[in-house]
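Engineer: Have a look at this one before I ask anything.
The values are calculated or read from the model by the stated rules, or taken from the named source; none is laboratory data. None of the values given here were measured: they were computed from a predicted structure. Quick reminder, even Gly has a Cβ in these numbers, built from the backbone with ideal geometry, and neighbours come from all protein chains shown.
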Amino acid sequence: MDDPLSDAAFHVLLAVADRDRHGYEIMQLIDREPGMAGRVGTTTLYRTIRQLLALGLVVESERRPEPGDDQRRRYYGITGAGRKAAQAEIERLRQRLAAAEATSLAGARTPRLAH
Amino acid sequence: MDVRAVHASSRVYAALLWFLPVAFRREFAEPMRQTFADLTAARVADAGPRGMVGVWRRALPDLVGGAALEWAGTVARAARGSTSWPRYAGAALAVAAAGLLLLSQALYPANLRRPEYLWAYAGLLAALTGVALVLWRMRGSSTAAVSLGLAICPLWPLMYTTVPAAPVALSAVGVLIAAAGGRVVARGGRLTAGLSASLVCALTGAVGLLLSNETYSLSTMGALRHDSGYLAEYLHSGQTDLAAYIVGESVGGGIYAILASPVLGVALGLLGAVIGRIVRATRRADTVTRAPR
């Protein structure tokens, strides 16, 4: 997958990278990301999940990480393709950051020590 | 905060999910409702009623925006994958015109006491029903025929202007109707298919005229009441209700257009078919001449 991921798609992939999670858990994790608090609502979340399912980047999981969990909850997990897409996005962000750091703008924003 | 309030909030949210397209709703309504319920319970536990307000302030714009985007995507996919939209578009135009006719009579009913108007309106409603059925069922309701018919609509206002715009607009209407049939025949279609396409084009254009007339008269009723030209014609007509007179006049043009459109469609369709045959014959001759020996 060469196209950049949307912010919401990237953060959903990050949220399910380590283990399968349900919608509310994913929302909680996204809310904790810097600059993402309140940016992904329930509709946006499931529209993004639908898109990721269609692209084969996440799958719906039958496993229940916590026994006795509400059976109506749906869990989603990352696929191999999803992992590759997230890694490609991380690399893209690294390159952008490196390019930004190389400009004078990044230096100007660095706070200087007062003597 | 009361647990029942949290449940009630989830039920309201679940009801609002009906605004989403069916396919999306079938797949995700239940997990969305569950996620919303989890979110509400957590926020209410943290911040009480303010938490509930916060959840809704976030959920509503997200739901409205998401539903709009989902519908836009659904409609775009349907339009790309289906060839039936022209049939629905033409029929919907006729139904909308009939709806506006009924609305105009409900708002300004004075004409309904006059038998000649009553018969004309009943006839027009019947004609519009027939037109809707023809546009819906007819094979000629192709994308090109309906699009050419819709292209006629912006030309109607020019008909009410003076030389040279009016005759140019009239000629353009004729060209569009003939072109609808001509292109079918030029591409190897039969004469009946060409006539059918021209008929659909003419009917769509006529319904467009009626619809624009009705919309114009209903939306500018206040201004027309002070139009000296209209007032003079109204006084000359001997009618007693100005609003009903304006509505009646606006519908009148549409009635003539609807009555004339089948005749125009067939006549101009024949002309288009003749031109289409010539174009096809010329293309064939050209192909034979260029064929390698």
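Engineer: If only one of A:LEU45, A:LEU57 is under 20 Å from A:GLN28 (Cβ atoms) and either at pLDDT 95 or above or hydrophobic (A, V, I, L, M, F, W, C) (or both), which one is it?
Structural biologist: Within the list A:LEU45, A:LEU57, the selection yields A:LEU45.
Engineer: Here's a check for you: in segment B:1-47, which residue that is more than 10 Å from every other protein chain (Cβ to nearest Cβ) and basic (Lys, Arg) is farthest from B:PRO61 (Cα to Cα)?
Structural biologist: B:ARG4
Engineer: Tell me, yes or no, whether segment B:246-263 has at least one residue that is among the polar types (S, T, N, Q), part of a helix (DSSP H, G or I) and modelled with pLDDT under 85.
Structural biologist: Taking every residue of segment B:246-263 in turn, at least one turns out to be among the polar types (S, T, N, Q), part of a helix (DSSP H, G or I) and modelled with pLDDT under 85.
Engineer: If only one of B:ARG77, B:ARG113 is of a type outside the set (Phe, Trp, Tyr) and away from every other protein chain (no Cβ under 14 Å), which one is it?
Structural biologist: Result: B:ARG113 is the single residue among B:ARG77, B:ARG113 that is of a type outside the set (Phe, Trp, Tyr) and away from every other protein chain (no Cβ under 14 Å).
Engineer: Name the single residue that is farthest from the other protein chains (Cβ to nearest Cβ) among those in segment A:63-78 being modelled with pLDDT of 80 or more and out of contact with any Asp or Glu (no Cβ under 7 Å at 6 or more places or on another chain).
Structural biologist: If we take residues in segment A:63-78 being modelled with pLDDT of 80 or more and out of contact with any Asp or Glu (no Cβ under 7 Å at 6 or more places or on another chain), then A:ILE78 is farthest from the other protein chains (Cβ to nearest Cβ).
Engineer: Let me ask something else about it. Conditions: (1) away from chain B (no Cβ under 12 Å); (2) under 20 Å from B:GLN34 (Cα atoms); (3) part of a loop (DSSP other than H, G, I, E, B). A:MET36 meets all but one. Number of the miss?
Structural biologist: Result: A:MET36 fails condition (2) only.
Engineer: Still on this structure: Restricting to segment B:40-61, name every residue that is free of Cβ contacts under 8 Å to residues at least 40 places away in the same chain and within 14 Å of B:ALA8 (Cα to Cα).
Structural biologist: Within segment B:40-61, B:THR40, B:ALA41, B:VAL53 meet the criteria.
Engineer: Output the residues belonging to segment A:70-86 that are free of Cβ contacts under 8 Å to residues at least 24 places away in the same chain and of a type in the set (D, E, K, R).
Structural biologist: A:ASP70, A:ARG72
Engineer: Can you tell me which residue is farthest from A:ALA85 (Cα to Cα) among those in segment A:4-33 that are part of a loop (DSSP other than H, G, I, E, B) and away from chain B (no Cβ under 13 Å)?
Structural biologist: A:GLU33
Engineer: Separate question: Kindly establish whether B:GLY48 is of a type outside the set (D, E, K, R) and exposed (fewer than 12 other Cβ atoms within 10 Å of the Cβ).
Structural biologist: Judged against the criteria, B:GLY48 is a match.
Engineer: So which residues in segment A:46-73 are part of a loop (DSSP other than H, G, I, E, B) and closer than 18 Å to A:HIS11 by Cα?
Structural biologist: The answer is A:GLY56, A:LEU57.
Engineer: Right, another one. Keeping to segment A:88-114, report how many residues are surrounded by 10 or more Cβ atoms within 10 Å (Cβ to Cβ), modelled with pLDDT under 85 and closer than 30 Å to A:ALA9 by Cβ.
Structural biologist: 1
Engineer: Can you confirm whether A:TYR76 is in a helix (DSSP H, G or I) and surrounded by 14 or more Cβ atoms within 10 Å (Cβ to Cβ)?
Structural biologist: No; evaluated as a whole, the condition is false for this residue.
Engineer: Every residue in segment A:46-62 that is more than 8 Å from every other protein chain (Cβ to nearest Cβ) and among the charged types (D, E, K, R), please.
Structural biologist: A:GLU60, A:GLU62
Engineer: Kindly evaluate A:ARG83 against the criterion of being within 14 Å of chain B (Cβ to nearest Cβ) and either at pLDDT 95 or above or under 20 Å from B:ARG43 (Cα atoms) (or both).
Structural biologist: Against the criterion (within 14 Å of chain B (Cβ to nearest Cβ) and either at pLDDT 95 or above or under 20 Å from B:ARG43 (Cα atoms) (or both)), A:ARG83 does not qualify.
Engineer: Please go through (1) within 14 Å of chain B (Cβ to nearest Cβ); (2) exposed (fewer than 15 other Cβ atoms within 10 Å of the Cβ); (3) part of a helix (DSSP H, G or I) for A:THR43 and return the number of the only condition it doesn't satisfy.
Structural biologist: (2)
Engineer: Another question, then. Residues that are over 21 Å from the mean Cα position of the chain (by Cα) and among the aliphatic types (A, V, I, L, M): does segment B:76-95 have at least one?
Structural biologist: no
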